[in-house]
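Have a look at the structure below before the remarks.
The values are calculated or read from the model by the stated rules, or taken from the named source; none is laboratory data. What you see is a predicted model, and the numbers here were worked out from it, not measured in a lab. Using ideal geometry, Cβ is built from the backbone for each residue, glycine included, and neighbour counts are taken over all protein chains shown.
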């Protein structure tokens, strides 16, 4: 059975996983998805202001399950819907947030809080997909996420490191685009990039012999089957080898950070994921997604929220502080997103249910006009009263912030036309371009 026959019934992510496992089995290493184009030190950031020609990197923080806007970014003090969550001031006089967001409150001058978000999807899977791709889920095609779009339209800026990375759970498909543009998955930020060193029973000489043997075996096969899957397989070999031999591999190692810095982010997978994301963008990785689950609080909302929201706040506050002190804030876009909000009405189980009509997201850092609120909900946070923002508009704004042409058409293999944000429009007044 030839390679085409063997993989014809696999979808693209499964085929990609199959290829990676083949590479790992033969060489004794795990293959990576792709490379980047320019080297930067893992030990020090660029402390200078960003030049207009410098690329913008993205740290995309996704709150999986539907973050309550009322208890975080759009509180309604003095109303029945607010519940026991109190409201605190921020470093911007007219902006208030929920009591558990005290660290973020110190950085609101760098942020645009989008309180006018509204979605058409109220089920997790469909809303998650829409937020990540700007398209509704279809059985006939899978759409790329923002990281893949950035790789496709702008490429990478570090030659040694992958340019699109997901830490923990996150959007893992390259959609209809080439698999090499899709994300590298880091399961546990504390463990870094697994299988990136030679096994203890394989020395450099043995490894070199294996590479030469693989090259000889592949030569005839690759010429006979000139297919993207085969090329991707070879690319992954080369990418893995390049990274294994690079000093930039240290970017994945959180042990390079002091215990004090690690504690600032929080001793949990999300906090350490945010620290790893900072290290990666410090080394010019273009897009890093870190997710925090547990927001689907249909019951016991306020006890559970008092545990989860501070976890977000600690990591987000530390990230914003770190990026600012390292001089990275002007070339890093920080995104806080979720699939929908939670109901203003508190249900009989002391919880909040799914609520796509009105919710909040946030943009901060590079090219963002900070210290502002965009959109307004009514007194009960139930309806958007002004400046309603669609998910496609939000994603168009992310794309524009990093310099992507939101109207440029990219064709799928079946020649269907797509744009990065599905006809979304950049939110007026959010960006300083």
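Could you grab the pairs with beta carbons closer than 8 Å, sequence gap of 6+ or different chains, first residue in segment 252-266 and over 18 Å from residue 188 (Cβ atoms), second one surrounded by 13 or more Cβ atoms within 10 Å (Cβ to Cβ)? Close Cβ pairs satisfying both conditions: 261/275; 261/322; 264/314; 264/318; 264/321; 264/322.
Inspect all residues belonging to segment 368-389 and state whether any of them is within 21 Å of the chain's Cα centre (by Cα) and over 30 Å from residue 79 (Cβ atoms). No, segment 368-389 has no match at all. Among the residues of segment 395-414, those that are in contact (Cβ under 8 Å) with a residue 12 or more places away in the chain, touching a strand residue (DSSP E or B) at 6+ places or on another chain (Cβ under 8 Å) and more than 14 Å from residue 135 (Cβ to Cβ) comprise 397, 398, 400, 401, 402. When we screen 82, 99 for residues that are farther than 27 Å from residue 281 by Cα and touching a strand residue (DSSP E or B) at 6+ places or on another chain (Cβ under 6 Å), the only hit is 99.
Of the residues in segment 152-162, none is in the same structural domain as residue 276 (by TED's automatic domain parsing), over 25 Å from residue 61 (Cβ atoms) and at pLDDT 90 or above.
The number of residues in segment 336-359 that are surrounded by fewer than 23 Cβ atoms within 10 Å (Cβ to Cβ) and either in contact (Cβ under 8 Å) with a residue 60 or more places away in the chain or within 24 Å of residue 402 (Cα to Cα) (or both) comes to 6.
Just one residue in the set 421, 366, 381 is within 28 Å of residue 106 (Cβ to Cβ) and out of contact with any strand residue (DSSP E or B) (no Cβ under 7 Å at 6 or more places or on another chain); that residue is 381. Within segment 95-110, residues that are over 16 Å from residue 61 (Cβ atoms) sit with their Cβ atoms under 7 Å from residues that are in a helix (DSSP H, G or I), at 6+ positions apart or across chains, in these pairs: 95/108; 98/309; 102/313; 106/317. All of (1) buried (at least 22 other Cβ atoms within 10 Å of the Cβ); (2) in a helix (DSSP H, G or I); (3) more than 20 Å from the chain's Cα centre (by Cα) hold for residue 116 with one exception: (2).
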